[in-house]
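See below for the structure under consideration.
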Amino acid sequence: DLSAVEQERLQRIQRAAGEMSELIETFLILAQINNDSLEVTRYEMAPLVRKVIDQQRVWLGDKPVDVIVDEQEPLFVSAPSGILSVLVANLVRNAFRYTERGRVVLTLSAGRLAVADTGVGIDPEIKAQLFKGSSARFSNHSDRVRLGLSIVQRICERYGWTISYESAKGRGSQFTVSFEPHTTDVDQSLLR
């Protein structure tokens, strides 16, 4: 029985609380990232991806965005608990935040995960700084994106994975995490 204004306020509170919780969890994981004694487990990525999508769906709100999980092949990745969730959550959250309409496609294939969207794309002046953190200041959206992507890159570097991206201003972006060497090809059809 809440009014539209009250519902919007409640959603903002939920997003802020979720973001703070994820940020704290991320910092705790990053504090332990160089700890070689962390238990490594082999995870099936499809259930983890679906769980992250459900957790991050609040960023979509009522936007007309289709979310598609395209599991071309089963993807299994060995990593400590929490690392993969943080990595996927940062990519999905960015795609949800910056896609006003269209679709977000998460593609799982042998050795890689790609997150493509039909969002706003990335400004050319930001591209050079994209994976550089912003010393944790949150003055604007690009700082939040860079912080999230610098976390993703740090995780990838630590575990020998690679992250690559393609972006077309006004047409969308695709970020691909390759968990095996030589699988960084970007599927251009996802950006059309």
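Coordinate-derived values only; no laboratory data. Since the model is a prediction, treat every value here as computed from it, not as a measurement. Positions of Cβ are backbone-derived with ideal geometry, glycine not excepted, and every protein chain shown enters the neighbour counts.
Please sort 7-20, 111-124, 155-168 by packing, taking for each peptide the average over its residues of neighbouring beta carbons within 10 angstrom, highest first. Kindly include the intermediate steps, with their values, before the conclusion.
Values: 7-20: 12.4, 111-124: 20.8, 155-168: 17.3.
The most tightly packed comes first, giving 111-124, 155-168, 7-20.
Separation between the Asp66 and Gln11 pseudo-spin-labels, each 7 Å from Cα along Cα→Cβ, expressed in nm?
With each label placed 7 Å out from Cα toward Cβ, I get 2.1 nm.
Taking 0.36 nm per intervening residue step and subtracting the Cα-Cα distance, what contour gain separates Ser78 from Val40 on full extension?
Using 0.36 nm per residue and subtracting the Cα-Cα distance, I get 13.1 nm.
By average Cβ neighbour count within 10 Å, what is the ranking of 95-107, 46-58 from highest down?
Result, highest mean first: 95-107, 46-58.
Using 0.36 nm per residue, how much length does the chain from Glu25 to Leu2 gain when fully extended, once their Cα-Cα distance is taken away?
Full extension from Glu25 to Leu2 adds 5.2 nm.
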